[in-house]
């Protein structure tokens, strides 16, 4: 079943509740009013009956008219309408001696005595009380038509309930208006969201939003913000990558043109082809690094699951072997010292290797000739240093920025190596430290909490 | 035509230098901003190719400094950034034109020629002189409708003389214009090239002004 919207449900609920309360109040009021009316008229009837019962009815014929008139007058003074009250006086043997001239003539002489009872007289319901006169010779009956009492109760009830009914209506109207007004910001919010373009990630307008909904809009805004940042990172990565590919592409293009126009000069042609090969290597390395980098970024969340023990000694030895030719070409001495614990011993070995490889690659690349590059893993630390190298303090703080390469590098590099090292280190809750030390310039991987 | 090239990327710099030399330009190539900056203050160049991301000194600051010192050589800037702001900043700092990477050598050559033409006031792409037709773009020379094959240096010398008609050009000046610093120049190189031009084209094409230099007179 489709759920009605909150506003309609609230309205229906409020109408039902208030109607129930109103009806209950009405029933109670009705009961109260009829009890009060009964009490009032009963008292009146008893008073009249007492008075009639203390009257001496022996010489009734003489005084009849006088008493009757006076009584009728009395009743008329007490009540505007006297038709509904009737009385009759009987002798002990049931002879009707006197009555009010109207309804009293139908009152039966015998019945319940001393208390009120309901009797059907002349087709109508009457409330009747009978008393024995003080001299025990007569019976007095005083009755009132129940319909009349009911009319009075109805009148009272109506008068009493009308303001309440009006109040109820006003209250409902006010609730409807209030709900509409209170829900307006939500409806506006819904409209805003519906009309939003897919690429619009600006935060939702939170003005006038009720406090109860704020956590929701807050969460949505947080999500929008996260998405925005992610898209931004993605965009700038693409832009940076495109930009970084421009230079190697230019080199390829220019060298290719040189090769094309050097067809008749073998020496120039060979030279251009060598340069072309160099350019292709450079572009290849950049693309590789870009791919590795984007893979790390994409797999950021899935990584910790793929955890296996990392054999650092094996990884470091393999990398040192791989880089021996490059090191020898620059007469660089490669030193290995794997005698202790690494800052992380479990994880994805491929990425651990990629991290160390980038560290060693950078060290060898930016080392002057005949230097020493040392790889050490001990004391919860992975450290790669190249001797005879110092990095300016102002350049230190740019290290690790994506695509940052100090201007004027003659070596081929993507500017992504340190970013990759930092990303992988961060995955395993480690940080990267750069420092100029006695051993030269060192890049270290350390546990975050140290 | 002597060009100052300031570019830190070894492959791009080498390619531009080699390529432009093939087109007959003399190219002095510096990788460092400071060195490049100095060399323009010391030598005569017909145009400058300036990369903006340089070690030592940023390209824009070099350009601003040259202009503030009254240097009017046409400058073509090379930018890797595709964004308009950097190009505008370059043009506002006194650049005459820009090329976004990746570019082709032919584009560099065309832009350089356009800049040099604009500077020397010659607007027509082809230069005609006494039956000689020279196209700076294609580097082709025709004499009375027939194509004449000239070496790059001969072409450069011919272009230099054609662009400076009615002006006497000294031997030193010609050497400066058509040779780069790292070219080996023999003492009679200019005489040899002039001789070749006269032989291949027309013996009166260039007049020798004794002890002063050479001139092409209308």
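The values are calculated or read from the model by the stated rules, or taken from the named source; none is laboratory data. Because the structure is a prediction, the values reported are computed rather than measured. Using ideal geometry, Cβ is built from the backbone for each residue, glycine included, and neighbour counts are taken over all protein chains shown.
When you go through (1) assigned to a strand (DSSP E or B); (2) farther than 24 Å from residue B:153 by Cβ; (3) more than 14 Å from chain A (Cβ to nearest Cβ) one by one for residue B:3, which number turns out not to apply?
Unmet for residue B:3, out of (1) assigned to a strand (DSSP E or B); (2) farther than 24 Å from residue B:153 by Cβ; (3) more than 14 Å from chain A (Cβ to nearest Cβ): (2).
Could you check how many residues of the stretch B:34-72 are more than 25 Å from residue B:113 (Cβ to Cβ), in a helix (DSSP H, G or I) and within 14 Å of another protein chain (Cβ to nearest Cβ)?
3
Please verify whether residue B:30 is farther than 30 Å from residue A:238 by Cβ, without any contact (Cβ under 8 Å) to a residue 40 or more places away in the chain and within 12 Å of another protein chain (Cβ to nearest Cβ), treating the condition exactly as stated.
yes
Go through the stretch A:292-324 and count every residue that is surrounded by 12 or more Cβ atoms within 10 Å (Cβ to Cβ), modelled with pLDDT under 85 and not in a loop (DSSP other than H, G, I, E, B).
Qualifying residue count for the region: 8.
Could you figure out which of (1) at pLDDT 85 or above; (2) over 28 Å from residue B:11 (Cβ atoms); (3) in contact with a strand residue (DSSP E or B) (Cβ under 8 Å, 6 or more places away or on another chain) isn't true of residue A:427?
(1) is the only condition that residue A:427 fails.
What are the residues in the stretch B:178-218 that are assigned to a strand (DSSP E or B) and touching a residue at least 40 places away in the same chain (Cβ under 8 Å), if any?
B:209, B:213, B:214, B:215
Can you say whether residue A:327 is in contact with a helix residue (DSSP H, G or I) (Cβ under 6 Å, 6 or more places away or on another chain) and either on the phi > 0 side of the Ramachandran plot or surrounded by 13 or more Cβ atoms within 10 Å (Cβ to Cβ) (or both), as far as the supplied structure shows? Quick ask: steps written out before the conclusion?
Working: in contact with a helix residue (DSSP H, G or I) (Cβ under 6 Å, 6 or more places away or on another chain): yes; either on the phi > 0 side of the Ramachandran plot or surrounded by 13 or more Cβ atoms within 10 Å (Cβ to Cβ) (or both): yes.
When the stated conditions are applied, residue A:327 passes them.
Here is a list: B:80, B:95, B:89. Which entry is within 14 Å of chain A (Cβ to nearest Cβ) and either more than 15 Å from the chain's Cα centre (by Cα) or at positive phi (or both)?
Only one candidate qualifies: B:80.
Any idea which of (1) more than 8 Å from chain B (Cβ to nearest Cβ); (2) crowded, with 16+ Cβ neighbours inside 10 Å; (3) within 19 Å of residue B:13 (Cβ to Cβ) is the one residue A:281 doesn't satisfy?
So the condition that residue A:281 fails would be (2).
Within the stretch A:221-277, how many residues turn out to be under 31 Å from the mean Cα position of the chain (by Cα) and within 12 Å of chain B (Cβ to nearest Cβ)?
0
Inspect all residues belonging to the stretch B:53-73 and state whether any of them is within 15 Å of the chain's Cα centre (by Cα), surrounded by fewer than 22 Cβ atoms within 10 Å (Cβ to Cβ) and closer than 30 Å to residue B:150 by Cα.
yes
Do the conditions hold for residue B:25, that is, is it within 14 Å of chain A (Cβ to nearest Cβ) and over 10 Å from the mean Cα position of the chain (by Cα)?
Details: within 14 Å of chain A (Cβ to nearest Cβ): yes; over 10 Å from the mean Cα position of the chain (by Cα): no.
So residue B:25 does not fit the description; no.
Among the candidates A:75, A:23, A:67, which residue alone is part of a helix (DSSP H, G or I) and at pLDDT 70 or above?
Numbers: A:75 fails: at pLDDT 70 or above; A:67 fails: at pLDDT 70 or above.
Of A:75, A:23, A:67, the one residue that is part of a helix (DSSP H, G or I) and at pLDDT 70 or above is A:23.
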